[in-house]
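The values are calculated or read from the model by the stated rules, or taken from the named source; none is laboratory data. Every value quoted in this text rests on a predicted model; they were computed, and no experiment measured them. No Cβ is skipped: glycine too gets one built from the backbone with ideal geometry, and neighbour counts run over all protein chains shown. Accessible surface is based on the protein model in full, side chains and every heavy atom, while ligands, DNA and RNA are left aside. Shrake-Rupley method; radii C 1.70, N 1.55, O 1.52, S 1.80 Å.
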Amino acid sequence: MKRTLVLLIAALLVLVVGVPLYAAGQREATAPEGQPLVWYVPGGNGYPYDEAEEQMVYDAFNAMLERDLGITVDVNVQGSFSEYNERMPLILASGEYMDVMWTANWSNDFVKNAYDGFYAGLDDLLENYGQDILADTREQLEATRINGEIRGVWSQQVAALNSIIRVRTDLAEKYGWDMDSVRHIRDIEPFLADVRDNEPELVPFAMPNWGSVTPFYKMAGVGAGPMGVRVDEYPIKVINFLETPEYREWVELVWDWQNKGFIPEDGVTYTRDQWNQIVNQGRNAFGQHNTYNPQLAERDLGGYWVKKYRIGEPMVLTHNIINTLMAVHSRSTRKEDSVRMLNWLWTNSEGYNTIVWGLEDRHFERLGPNQIRPIQDSGYWGNIPWMWGNTFIGYLLPGQREDLFEQVAIFNREAAPANILGFVADTHAVRTLMASVSAVVDQFEDPLQGGWVDPATGIAEFQTALDRAGFQDLMAAMQAQIDEWVASNE
């Protein structure tokens, strides 16, 4: 389908002059009579696609949708994920008509857009037109409730956080590491020494940020910076992570590891892209993260097989749900059709797999009844099944187990809900404090939590800078919001 020309000049006037030409509550956008639903999404890993191949996929998708619902869609791909994140505020501000859009807590800011009134409430629409979505994800959709209403449709996938250790399996076999014996991240230290002493071309440990290890300590962040809650304690109290023994344990551990040569001494200068390249090219032996996905528990990175091992227990947080959603624009004149389309996509395997993977024998080859291999140079290779909806009806990729989706469902069911599941901080209400604290976090957090600053002095320096930026006031504001949320749910 065509990509629409965004009204950038109008949107820039909004930003420069400060007078919005369009706001969610000012005027009704108008859909062209008899036209397709307008759907805004980012491109996938293979973007930009070949336009002819892309059009062929969307034509096939629309033929199915029109056959079943009498509806068609105009898919407007707005560049890569980073480009999408940059463009969508301008598009929303310009008043460009749309019906459905992809949104998340990390791109096309779900929380801000919802509080600003751009996303329609979906409770009644789902009850009447999205029964299948509601039946599968009613509990999870509570995490999208803003100002009393559900504002997004979650893509059914892994719903829980669980700290993991990631290891290259060829190295584990070579050195005989017993990964099943690892109960805490510090238990891998002898293995890191093997890598440092015998594999000079490899990074022993690829460094995450503190946010990746909080699930191991049963903590969850709220607001900005090192603040959050203990997920299994009541009453719910916002705490300063810097004052906890768990935080000190972590920063002392990684400081020690950096001094022992397990973490690159110059790693503090690496960009996120550089760290991602190290991981994706298999140039590290170990890594740590906060997501255990049975779909990706074993995968090929840079020609090396990598396996993930869980440490700690899984938990479900609001963050996990609002990291990939479809929302209906509050000024769409076809909200019912929008939800009907999303519900159809939720249950129709043929339509879902077409929009995700393209056309058989052209964009992917079939290896079995439900297993495929994408053709990467085919002109359409999105590889983002988690963006489009119900991943449980998707095709399996090479190496994925037959009971994969059943295992994901079991993992989700076994995960304990955090005490703040469903709470969404209104960061817009404290945006000045957020900006001030975030600027300090950008300066101090990664060096300290990555092992490049001595915690004996670094924690105090970080705390002093945070307090000057209004950290205590932000903590109080987050506590007030949580207290109000708890009272409203009693």
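Based on what the data block shows, is D454 in contact (Cβ under 8 Å) with a residue 12 or more places away in the chain and either under 30 Å from P264 (Cβ atoms) or among the charged types (D, E, K, R) (or both)? Spell out how you get there, then give the answer.
Details: in contact (Cβ under 8 Å) with a residue 12 or more places away in the chain: yes; either under 30 Å from P264 (Cβ atoms) or among the charged types (D, E, K, R) (or both): yes.
So D454 passes the test.
With (1) without any contact (Cβ under 8 Å) to a residue 12 or more places away in the chain; (2) closer than 17 Å to M387 by Cα as the list, and N85 as the residue in question, which single condition is left unmet? Of the numbered conditions (1) without any contact (Cβ under 8 Å) to a residue 12 or more places away in the chain; (2) closer than 17 Å to M387 by Cα, the odd one out for N85 is (1). Return yes or no: is D180 surrounded by fewer than 20 Cβ atoms within 10 Å (Cβ to Cβ), modelled with pLDDT of 95 or more and in a helix (DSSP H, G or I)? No; evaluated as a whole, the condition is false for this residue.
When region 410-431 is limited to residues that are of a type in the set (V, I, T) and in a loop (DSSP other than H, G, I, E, B), the one that is nearest to the chain's Cα centre (by Cα) turns out to be V424. If you check N108, N198, N128, N147 for being on the phi > 0 side of the Ramachandran plot, of a type outside the set (S, T, Y) and open to solvent by 70 Å² or more (accessible area, probe 1.4 Å), only one passes: N147.
Criterion applied to Y234, Y270 was being in contact (Cβ under 8 Å) with a residue 60 or more places away in the chain, out of contact with any Ser or Thr (no Cβ under 6 Å at 6 or more places or on another chain), more than 21 Å from L466 (Cβ to Cβ) and open to solvent by 40 Å² or more (accessible area, probe 1.4 Å), and the one residue passing it is Y234.
Is it the case that some residue within region 316-339 is among the β-branched types (V, I, T) and open to solvent by 60 Å² or more (accessible area, probe 1.4 Å)? Within region 316-339 (the criterion being among the β-branched types (V, I, T) and open to solvent by 60 Å² or more (accessible area, probe 1.4 Å)), the answer is yes, since at least one residue qualifies. The conditions of being in contact with a strand residue (DSSP E or B) (Cβ under 9 Å, 6 or more places away or on another chain), over 24 Å from N290 (Cβ atoms) and surrounded by fewer than 21 Cβ atoms within 10 Å (Cβ to Cβ) are met by G121. Check whether at least one residue in region 276-290 is aromatic (F, W, Y), outside any helix (DSSP H, G or I) and surrounded by 15 or more Cβ atoms within 10 Å (Cβ to Cβ), and report yes or no. Within region 276-290 (the criterion being aromatic (F, W, Y), outside any helix (DSSP H, G or I) and surrounded by 15 or more Cβ atoms within 10 Å (Cβ to Cβ)), the answer is yes, since at least one residue qualifies.
Residues that are more than 30 Å from T324 (Cα to Cα) and hydroxyl-bearing (S, T, Y) within region 157-187 comprise T169, Y175, S181, listed in sequence order. Residues that are modelled with pLDDT of 95 or more, charged (D, E, K, R) and assigned to a strand (DSSP E or B) do not occur anywhere in region 370-384.
The test for being surrounded by fewer than 20 Cβ atoms within 10 Å (Cβ to Cβ) and not hydroxyl-bearing (S, T, Y) does not hold for N390. When we screen M315, M341 for residues that are of a type in the set (A, V, I, L, M) and under 15 Å from D68 (Cβ atoms), the only hit is M341.
To keep it simple, each residue is scored yes or no on (1) under 21 Å from G223 (Cβ atoms); (2) in contact with a strand residue (DSSP E or B) (Cβ under 6 Å, 6 or more places away or on another chain); (3) surrounded by 20 or more Cβ atoms within 10 Å (Cβ to Cβ); (4) at pLDDT 95 or above.
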position	(1), (2), (3), (4)
D454	no, no, no, yes
F462	yes, no, yes, yes
F471	yes, no, yes, yes
A476	yes, no, no, yes
D483	yes, no, no, yes
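Just one of the numbered conditions (1) surrounded by fewer than 22 Cβ atoms within 10 Å (Cβ to Cβ); (2) modelled with pLDDT under 95; (3) in a helix (DSSP H, G or I) is not true of P208: (3). Of the residues making up region 44-96, those that are in a loop (DSSP other than H, G, I, E, B) and either of a type in the set (A, V, I, L, M) or crowded, with 17+ Cβ neighbours inside 10 Å (or both) are G44, G46, Y47, Y49, I71, T72, Q78, G95, E96. Scanning region 219-231 finds no residues that are assigned to a helix (DSSP H, G or I), touching a helix residue (DSSP H, G or I) at 6+ places or on another chain (Cβ under 7 Å) and touching a residue at least 12 places away in the same chain (Cβ under 8 Å). Among the numbered conditions (1) touching a residue at least 40 places away in the same chain (Cβ under 8 Å); (2) assigned to a helix (DSSP H, G or I), the only one that A465 does not meet is (1).
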